[in-house]
Amino acid sequence: MRYSPNRRFAVLSLTLTLGLAACASRPASPVSAPPAPPRPVEIPRPIERLAALVKNNDPALEKYFTQDEDAVITVKADWNGFQVTYDLQNARPYPGGSPGVHADGSSWELDFCIQETGGQERLEDSLRWTIAPGDSGILLSLDDDYLSQWERHFDLFDRYGAKITFFIIGEYSPFCTEALNRGHDIGYHTLNHLNLPKVSPETFQEETLSAVKGYREAGVPLRSFAYPFGFSEPWMREALAGTFAVQRGFGVRYHIYNRAAIKAGYIASISIDNIIYKTDEEFEAAVTMMLRAAKFIGGDSIVPLTTHTIAEDADWGIGPRRLEYLFQTVRELNMRFYLYRDF
């Protein structure tokens with residue numbers, strides 16, 4: 001059989017046609033796209049990282065307070081070349097909330113400012129501060145011999161759950177037993193309220209220790225001692241350390257202590273007497289800041305406060321309305337009342 005050119009062409013055409021059909025029926029290979037370039041990682045600036053810590057009220061930021069010559073208290077924190085200043089005086093109820101005591105704490109909005117130390121960077125913002133229960137509180141004492149005036153306000157103390165240490169002048173009085181029975185405490189304030197650095201060693205001994213036995217025999221422990229006018233010398237503190245667990249000075253400077261510092265044996269208390277604050281507004285602003293600072297610093301921050309009688313017109317005393325404002329603020333901030341015998 002002869003193989004003609006026409007027949008050869010037909011075979012080649014058929015072969016090509018079948019090959020193309022086979023290729024057409026096979027799925028096409030995917031074409032890989034070139035990989036996208038990696039996105040640059042945005043690293044927060046240090047001031048922004050700090051702002052996040054502040055807004056979360058992170059415990060890693062150790063807060064402290066300062067007090068200037070005008071007794072203005074400011075709470076601050078330092079972090080890697082920046083300083084945080086908190087505006088506690090103008091704290092306000094968090095939007096949608098209100099001040100008050102709740103089981104889970106109330107919320108406040110608190111402005112803050114971050115400033116680079118020695119630099120230009122600055123950031124202002126606000127945080128949410130939850131006023132939850134805790135160990136921060138006040139150590140309130142009333143001094144001298146205003147027994148009938150204090151007793152007249154026992155019901156006010158009870159209404160707010162206020163616990164008070166009464167530093168008594170003179171010999172034992174039945175008031176002491178009544179105060180103890182109502183949950184308060186009794187401390188000693190000398191026999192005659194003399195300026196102790198001005199007296200002889202014999203008079204010092206008489207003023208501070210002679211009446212202690214009588215109190216204790218009457219069931220009053222007298223675990224604490226307050227110096228008249230707040231004046232003392234180191235040798236006096238050493239002489240009384242074996243008799244009184246805590247000794248207290250007095251003045252116009254603000255102090256915050258923790259339990260360990262109070263147990264060390266000597267503290268100073270700030271006066272909240274009428275003579276210090278000329279108007280109710282001035283008093284309320286000062287007390288608000290004292291208590292907010294201690295609460296915001298947190299932990300077992302304790303503020304010692306001292307006054308004398310309870311009367312609107314007394315220089316060395318506190319008016320009932322001011323005293324009630326103090327109690328209301330303690331309650332609002334979920335703070336505790338401490339007694340000197342607690343230490």
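For 139, 123, the sequence from fewest to most other C-beta atoms within 10 Å is 123, 139.
Sorted ascending by nearby beta carbons within 10 Å, beginning with the fewest, 290, 236 become 236, 290. Give the angle, between 0 and 90 degrees and rounded to the nearest 10, that separates the Cα long axis of helix 280-297 from the longest principal axis of the Cα atoms of the chain. For 280-297 against the chain, the angle is about 50 degrees. Just in the stretch 102-185: which trypsin sites (Lys or Arg not before Pro) are loop by DSSP and have at most 16 other Cβ atoms within 10 Å? Passing sites in the stretch 102-185 are 152, 182. Structural descriptor for the stretch 138-249: relative contact order 23 percent, calculated from alpha carbon pairs under 8 angstrom and at least 6 residues apart. State the answer as a single residue: which of 180, 305, 59 lies farthest towards the positive end of the charge dipole of the chain, with beta carbon charges of +1 for Lys and Arg and -1 for Asp and Glu, about the Cα centre. Positive-most Cα among the choices belongs to 59. Just to confirm the number: angle between the C-alpha axis of helix 46-55 and the first principal axis of the chain, 0 to 90 degrees, nearest 10? Around 60 degrees separate the two axes.
Placing +1 on the Cβ of every Lys and Arg and -1 on the Cβ of every Asp and Glu, with no other charges, gives the chain a dipole of roughly 3240 debye about its Cα centre.
When 117, 208, 130, 288 are sorted by how many other C-beta atoms sit within 10 angstrom of their C-beta, beginning with the fewest, the order is 117, 130, 288, 208. Among 226, 254, 146, which residue has its Cα furthest toward the positive end of the charge dipole of the stretch 137-342, with +1 on Lys/Arg Cβ and -1 on Asp/Glu Cβ? Projecting each Cα onto the dipole axis, the largest value belongs to 254. Projecting the Cα atoms of 209, 193, 240 onto the dipole axis of the stretch 137-342, where Lys and Arg carry +1 and Asp and Glu carry -1 at the beta carbon, places 240 farthest toward the positive end. Once both axes come from the Cα atoms, what is the angle between helix 320-332 and the longest principal axis of the chain, in degrees from 0 to 90, rounded to 10? The angle comes out at about 30 degrees.
Rule-based calculations on the coordinates, nothing more; no lab input. In this text the structure is predicted, and so the values were computed from the model without any measurement. All Cβ positions, glycine included, derive from the backbone under ideal geometry; neighbour counts span all protein chains shown.
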